[in-house]
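As C-alpha cells, the structure follows; a few thoughts come after it.
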Amino acid sequence: MATALKEAENAIGLEEIHVERQEPPKGQKTFTVEEAVETIGFGKFHIVLFLIMGSTGVAEAMEIMLIAVVSPLIRCEWQLQDWQVALVTTMVFFGYMIFSIALGLLADRYGRWKILLLSFLWAAYFSLLTSFAPSYIWFVFLRAMVGGGVSGHAQGLIIKTEFLPTKYRGYMLPLSQVFWLAGSLLIIGLASVVNPTIGWRWLIRIASIPGMLLILVFKFIPESARYNVSTGNVAAALATLQRIAKMNRAAMPEGVLREPAKERRGRFKDLIHPKYLRTTLQIWIIWLGIAFAYYGVILASAELLERDLVCGSAAPPVQDSSDDSEESRSPCHCHLFGPAAYQTMIISTVGEIALNPLNILGINFLGRRLSLCITMGCTALFFLLLNICTSSTGMTGFLFMLRALVSANFNTIYIYTAEVYPTTMRALGMGTSGSLCRVGAMVAPFISQVLISASFIGALCLFSSVCVVCAISAFTLPIETKGRALQVCI
C-alpha cells in the first residue's frame, strides 16, 4: 500500500488512480478538499498554475481576434458582401456554442484536464487547415471547427478556480485578463507586419503556434482535486493536494481526506433545479448580453476603421494621405487597414486592462453582483456616446473605454459563474453559459457589420438596451458569491 501511495504521489495522470474506499476509524479526524485548499493557501504551485492556465487566454484571444484582422483581406480576395463577412464570425461562434455544451458535459464526467488538452489539439489542427482554405465556404467551415475547439479552453479557468483559496479568487482570476490582452495585442501586431507582406494565410499559421506550445506544458498541471474526489478517486485527490502542499512548503490538514463521491455529475436537469433555476436563467441572459456587447465593440471598431464611419456618416472611405502603401490602395471594393488603423486597434485593445484595478476592487469589496451591474450600466452609456460627433481621437477614446468596460463585464461573470455552481455541475454550468454567450456573439456581427451601415444610431441603441437588461439581471441575481466557499453538490 505504501508503494502504491508513493506511485500515486508521483504520477502525472493522477486522475486515473482508483482505490477502494474505506471508512475512517471512529473518532479519527477528517478533512475535505475545500479545507485542504484553504489550509495549504497560496504559493508557488498557484503561480505556475496561473501562468500555464492563464496562457490559454493568449491562444484563445489570438484565434478569436483573428477574424477582425483578416476580414478586410478575405473580403477583397473573395469579393464578399457585408453579410458574408459577418457570417464568418457567426459560424465561429456557432461552432463554439455547439461544442461548449458538449465539452462542459464531458468535463464534469471525465475530467477538466482531458477536455482542455483535447480542445487545444482540435483547435490547433483546424486552425492550420484554415490557412489552406481554397474557398470562402471552406474557410467558414474550418473556422467554425476552430471555434468548437476554443470553447474547451474555459476548462483552464475552472481548474484555476478549483485550486485557488477563496480569498484569492477575486484577485487572481481577473488578472487572467492580462493574457487575453497579450493575445489580442500579439495578433494585431503580427497582422500589421504579416498581412501586408506574406499574407493572411501565414498569419493564421503563426497564430496557431502559442496553442501548440501550451500543449507541451499541460503535463505540469494535475487534474482538479475537487473533480477527483467527486468521482470517488480520493487517492488521486490526496496525492494532488500533497504535491501542492510540498510545492508551497505548507502543511496538510490533520486527519484523513474524506468526502463522499457524487454519482450525479454533469446533468442538465441540475441546472434548472429549483435551487438554481432563477440563477441559471439570469446568468444565461447576462452571458448572452455581455458577449453581444463585447464582440459588438470589437467588430464595430474594425468596421469604423475600415469604412471611416465618423459622426455617424456612411461616407466612402477616405484614404490617409500619409499612408499610400499598396495594401491600402486595393483595387477591390474593400478598404484594407493601414498603419494608423492598426495603431488605433492596439490603443483600444489596451483598454481591456485599463479598469482592471477598479474591477478587482469592485469584485472584492462591492461584490460580484453590484460590480457587474455598475460596469454593465456604464457600458450602455458609452455605447450611446459613440454617436457623438467627434474627432478620430475622440472616437478612439470612446472605444478605449468601451473595451475596458466590456472586458470588466467578462471578468466578473466568469468568476461568478465558476463560483455559483457546485463541483458536480461547474463545467456544465460554464459550458451552457458559454454556449448562450456565443448566441450573442453570433448576432453581434450582423449588427456591427451590417446594421451599423444602415442605421448607426439604431445599432448603438440596440447594444445599449441589451446592456441595460444585463445590468438589471446582474443586480437581481439571487446569490452573492463574494467570500463564499465553492459548493460540492446541490
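The values are calculated or read from the model by the stated rules, or taken from the named source; none is laboratory data. Note that the structure is predicted; figures quoted are calculated from it, not measured. Every residue, glycine as well, gets a Cβ built from its backbone with ideal geometry; the counts of neighbours run over all protein chains shown. For accessibility, only protein heavy atoms count, side chains too; no ligands or nucleic acids. Shrake-Rupley method; radii C 1.70, N 1.55, O 1.52, S 1.80 Å.
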³J(HN,Hα), Karplus 6.51/-1.76/1.60, whole Hz, each residue of segment 391-407, x for Gly, Pro = 6, 5, 5, x, 5, 4, x, 5, 5, 4, 5, 5, 5, 5, 6, 5, 5
Phi-derived 3J(HN,Hα) across segment 133-138 with the Karplus relation (6.51, -1.76, 1.60, θ = phi - 60°), rounded Hz, x for Gly and Pro, is 4, x, 8, 4, 4, 5
Links that overshoot a 26 Å alpha carbon limit, given the list LYS114/LYS246; LYS219/LYS246; LYS114/LYS275; LYS114/LYS167; LYS44/LYS114; LYS44/LYS482 | LYS114/LYS275; LYS114/LYS167
Identify the trypsin sites (Lys or Arg not before Pro) of segment 214-253 meeting these criteria: DSSP loop state and at most 15 other C-beta atoms within 10 Å of the C-beta.
-> ARG249
On the protein heavy atoms, probe 1.4 angstrom, tell me the percent of accessible surface of segment 115-194 carried by carbon and sulfur.
-> 83 percent
Once phi for every residue in segment 241-251 is put through the Karplus expression 6.51 cos²θ - 1.76 cosθ + 1.60 (θ = phi - 60°), the whole-Hz ³J(HN,Hα) values, with Gly and Pro written as x, are 5, 5, 5, 5, 4, 5, 5, 7, 6, 10, 8
Check THR30: other-chain or 5+ apart residues with amide H under 5 Å from its amide H, H built from backbone geometry?
-> VAL256
Cα lying deepest toward the dipole's positive end in segment 342-490, options GLN343, PHE400, THR412, charges on Cβ = THR412
Per residue, accessible area of segment 29-262 with a 1.4 Å probe, heavy atoms of protein chains only, in Å², comes to 35 Å²
